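In what follows, a single structure is set out as structure tokens and then discussed.
The values are calculated or read from the model by the stated rules, or taken from the named source; none is laboratory data. A quick note: this is a predicted structure, and the numbers were derived from the prediction, not measured. Please note: Cβ atoms are built from the backbone with ideal geometry, for glycine as well, and neighbour counts cover all protein chains shown. Keep in mind that these areas ignore ligands, DNA and RNA; they rest on the heavy atoms of the full protein, side chains included. Shrake-Rupley method; radii C 1.70, N 1.55, O 1.52, S 1.80 Å.
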Amino acid sequence: MKIPFSCLKKHVALAETPTEIANHLVRLGHEVEAVELPRAAVKGVRVGLIESKIPHPDADKLSLLTVNIGENEPLAIVCGAMNMGEGDKVPVATIGTSLPNGMKIKKGKIRGEVSCGMCCSEAELGLAEDAAGLLILPADAPVGAEVGEFLELEEAVFDLSITPNRGDCMNVRGLARDLAADAGLALADIDLAEVTVDATLAAPKVTVSAEQDCPLYMARSIAGVTVSDSPAWMQAGLIMAGMRPVNGIVDVLNFIMLDLGQPMHAFDADKLSGDISIRSALGGENFAALDGRELTLNAGDLLVFDDSSVIALAGIMGSQPSGVSDGTINIILESAFFRQARVSETRRIYAMVSEASMRFERGVDPLMVEIAMQRATAMITNLFGGSAGAITVCGEPGNINSGRQVRCSVSHLESRLGIDIPEAMDDVLARMGFGISRKGDDLQIDVPSFRHDVSIPEDISEEYARVIGFDAIPELLPPLATTAPVQKDTAIHDAVTGGFLQVVSYAFISTSEQRLFVAGDGADIELANPISDAMRVMRRSVWPGLLNTAKHNLNRQQAGVALVEQGRVYQKTEAGHEENNVIAWLMTGEAQTDEWFAAVRQADFFDLKGAVEAWLALRGLTGRFIADDAIQGLQAGQSAKILIGRVEAGRIGRVDGDIAAALDMDAPVFVAEIDLDALPEGKKAKFAPLPEFPGVERDLVFLFDKDTSSDAILNAVKSAAGKLLTDARVFDLYAGKGVPEGKISLGIRFTLQDAKRTLTQEDSDTASNAIIGAMEKRFAAGLRG
């Protein structure tokens, strides 16, 4: 937002330089991105009188000018413009002058003719984006005068970035209020000229059905206007503020919006049909916006409507058909208060940003609605004629944002800031519009209607910090209680280092997806206002999200997928609800691609089981995988629960074939899930020297019943072998020829070692016999012959 310095001076008598004012604005919390100096930017550009003009002897489109700039000798200038003649006065950039576009004027030759300066257009002076020729100055312009001073160019223009919470400073008066309060200066009264009401002119008929989104709406008819260009001073002010002049009526409304912060709109009354109503859109209605866009509106959008069509998207933009043009004679002025959230939501949906929407969504002053209406009426009738009718008012300004108070203690605010708050600062806040009552340590603040951002004690502490100065706040860290260091969560990192790709999916899923892996036991947490049916309940398993991600990747020619996600799952409890932190894996497709050293191989149950075991090992934990055919959504015979000690911490298995088929996933899909909150603390790694004595490795092959758990077998081996056992594992499985029906052949390899001596044959035989006896006693398993 750009604010001319002269506009600020009309509200408060500022005597300091633009640089000093910019520093004050920054201290008060308003970011100044730049201070433009339009007058200084054209220093050296003088008023010149063209005394003669002849064609260039070597160029048809150039002229040779003799220009008097009030010096002893006139200047010879070569010029390519065609719109000037002898006796015209034009801006002349003298040698050494730097123009706003970066051009530096030098003496030179153009097609053989000497040129000692340059005659300038509006664009070259930075007064317009483009120009068709030279800027022709008025006949009374004094020859030799500085053009910047003659045109009364702005001394300075502040380019500000106003924070979203300070809608009250999206205008000249709001910034002037802060500067005046800070400096102890008086804030000028708003200049309101008397408006004569034409009793014969009927007031507009307005109905408001969307009172929550539009608690205040005012309308007034002005008849008999003659639309023309706005005065030069107004156009110059708008241009300096970064706005484009349109026509007299629109320019007046934009000028007042920049000055007072109240957006307004004007309708061509002769183009309206019937009465005006403010209501919510039904959905599917069409809107032809002033910017040329054709929109189909959504239900709930706030509209200004006549009897036949939408004439404005409230707080954002009017319609093209109802807009004011050069032929407009009768107008209806609109000034209103629209709810911030409604304007913001609608603006985002249609990506339709306007000067009005930026102010409405930050919040305007409800008490300024009528003031702006009166001032606009006076300016329009004074500049463009016409007579004004009575104002139609729907709503009560005093009921909006009124009666708000913040109560707190001074000591609380001082503890927040780390400095004392002198009572003199209360006067500064009072000048900013706050009502201040301090009794001892108790502080009561009455919040003005234009400060939508102040509601809690922390907001008040920020106001005091602004006026005291953030530089005055000591650079000290607040005292913090000593706490134990937070242990770093490496769960997802360890899984990723294992070759899995981390994904993050939504915690909301559909009810049908919930039922894939969780029974319908009434423990689902349903959203009161879901975005869609696909996001109706809070997830109780991470697997549905992983399946959708895997499907998305497989459909895009990924041969294999290995995914992992850490997140929370949610369910109802008698006490309310609980959240558990879980980590889940998914593998499907190729685990080994086709290479020169290995053939392609599909992922299987044991690939995922090995990944989970490796992940547990990094935590000093060992998992036992106990077959469980009752896990919902997993295929019987290829599913297990994961036990850590005696705690059931997770589950693993192959996704049921019907579920995979419904997702068009042809390859087997394997998933696992571990409840991180249920994991016990793992064993700490202990470092020991390498053993000096060799170990002994033996193999035993037994015949077991086919349904015997390998986990139970290995546990029995470890118990029987004694302290010399360092490792035991299944190295072979066979169920073919020579193995009786219902039996299976398992080869068990175990390792014995002692760090203090070399083992003997007797040590090996003792361990082997103990293992053989344990297998016979526990499982009725004999050695295979």
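Within segment 717-767, how many residues are in contact (Cβ under 8 Å) with a residue 60 or more places away in the chain and either among the aliphatic types (A, V, I, L, M) or assigned to a loop (DSSP other than H, G, I, E, B) (or both)? Working first, answer last.
At the first step, the residues of segment 717-767 found to be in contact (Cβ under 8 Å) with a residue 60 or more places away in the chain are 753-759, 763-764, 767.
Checking the rest, the ones that are also either among the aliphatic types (A, V, I, L, M) or assigned to a loop (DSSP other than H, G, I, E, B) (or both) come to 753-759, 767.
Matching residues across segment 717-767 total 8.
Working only within segment 652-703, note down all residues that are touching a residue at least 24 places away in the same chain (Cβ under 8 Å) and basic (K, R).
R654, K683, K684, R698
Considering only segment 334-378, state which residues are hydrophobic (A, V, I, L, M, F, W, C), open to solvent by 30 Å² or more (accessible area, probe 1.4 Å) and touching a residue at least 60 places away in the same chain (Cβ under 8 Å).
Residues satisfying the conditions are M358, L367, I371.
Against the definition (at pLDDT 90 or above and among the acidic types (D, E)), how does D459 come out, yes or no? Show your work before the answer.
Values: at pLDDT 90 or above: yes; among the acidic types (D, E): yes.
For D459, the condition - at pLDDT 90 or above and among the acidic types (D, E) - is met.
Quick check: is even one residue across segment 173-180 closer than 30 Å to D326 by Cα, buried (at least 21 other Cβ atoms within 10 Å of the Cβ) and under 36 Å from the mean Cα position of the chain (by Cα)? Steps first, please.
Initial filter on segment 173-180 (closer than 30 Å to D326 by Cα): none.
Within segment 173-180, not a single residue is closer than 30 Å to D326 by Cα, buried (at least 21 other Cβ atoms within 10 Å of the Cβ) and under 36 Å from the mean Cα position of the chain (by Cα).
Determine whether E149 is in a loop (DSSP other than H, G, I, E, B), open to solvent by 30 Å² or more (accessible area, probe 1.4 Å) and of a type in the set (D, E, K, R). Give the derivation first.
Numbers: in a loop (DSSP other than H, G, I, E, B): no; open to solvent by 30 Å² or more (accessible area, probe 1.4 Å): yes; of a type in the set (D, E, K, R): yes.
When the stated conditions are applied, E149 does not pass them.
Does at least one position in segment 134-146 carry a residue that is surrounded by fewer than 18 Cβ atoms within 10 Å (Cβ to Cβ), in a loop (DSSP other than H, G, I, E, B), touching a Lys or Arg at 6+ places or on another chain (Cβ under 8 Å) and on the phi > 0 side of the Ramachandran plot?
There is at least one residue in segment 134-146 that is surrounded by fewer than 18 Cβ atoms within 10 Å (Cβ to Cβ), in a loop (DSSP other than H, G, I, E, B), touching a Lys or Arg at 6+ places or on another chain (Cβ under 8 Å) and on the phi > 0 side of the Ramachandran plot.
Identify all residues within segment 727-754 that are farther than 27 Å from G610 by Cα and surrounded by 12 or more Cβ atoms within 10 Å (Cβ to Cβ); write none if there are none.
V739, D754
Inside segment 585-637, can you point out the residues that are surrounded by 15 or more Cβ atoms within 10 Å (Cβ to Cβ) and basic (K, R)?
Result: K609, R619, R624.
List the strands (runs of 3 or more DSSP E) inside segment 234-327, counting only whole elements, that have at least 1 residues being touching a residue at least 60 places away in the same chain (Cβ under 8 Å) and among the hydrophobic types (A, V, I, L, M, F, W, C). Don't jump to the end; show me each part of the working.
Values: elements: 264-268, 276-280, 286-288, 294-296, 302-305, 310-313.
By residue number, 264-268, 276-280, 302-305.
Among the listed residues V730, V701, identify the single one that is out of contact with any Lys or Arg (no Cβ under 7 Å at 6 or more places or on another chain) and farther than 30 Å from E565 by Cβ. Write out each step before concluding.
On the way: V701 fails: out of contact with any Lys or Arg (no Cβ under 7 Å at 6 or more places or on another chain).
Just a single option satisfies the conditions, and that option is V730.
Do we have I456 as open to solvent by 60 Å² or more (accessible area, probe 1.4 Å) and among the hydrophobic types (A, V, I, L, M, F, W, C) here?
Working: open to solvent by 60 Å² or more (accessible area, probe 1.4 Å): yes; among the hydrophobic types (A, V, I, L, M, F, W, C): yes.
The answer is yes for I456.
Of the residues P204, P215, P263, only one is open to solvent by less than 10 Å² (accessible area, probe 1.4 Å) and either in contact with a Gly (Cβ under 9 Å, 6 or more places away or on another chain) or charged (D, E, K, R) (or both); which? Before the answer, list the steps.
Values: P204 fails: open to solvent by less than 10 Å² (accessible area, probe 1.4 Å); P215 fails: open to solvent by less than 10 Å² (accessible area, probe 1.4 Å).
Answer to the selection: P263.
Kindly provide the set of residues from segment 563-580 that are touching a residue at least 12 places away in the same chain (Cβ under 8 Å) and open to solvent by 30 Å² or more (accessible area, probe 1.4 Å), ordered by number.
Here is the first cut: in segment 563-580, the ones touching a residue at least 12 places away in the same chain (Cβ under 8 Å) are 563-573, 577, 580.
If the condition is that a residue be touching a residue at least 12 places away in the same chain (Cβ under 8 Å) and open to solvent by 30 Å² or more (accessible area, probe 1.4 Å), then Q566, R568, Y570, Q571, K572, T573, H577, N580 are the ones that fit.
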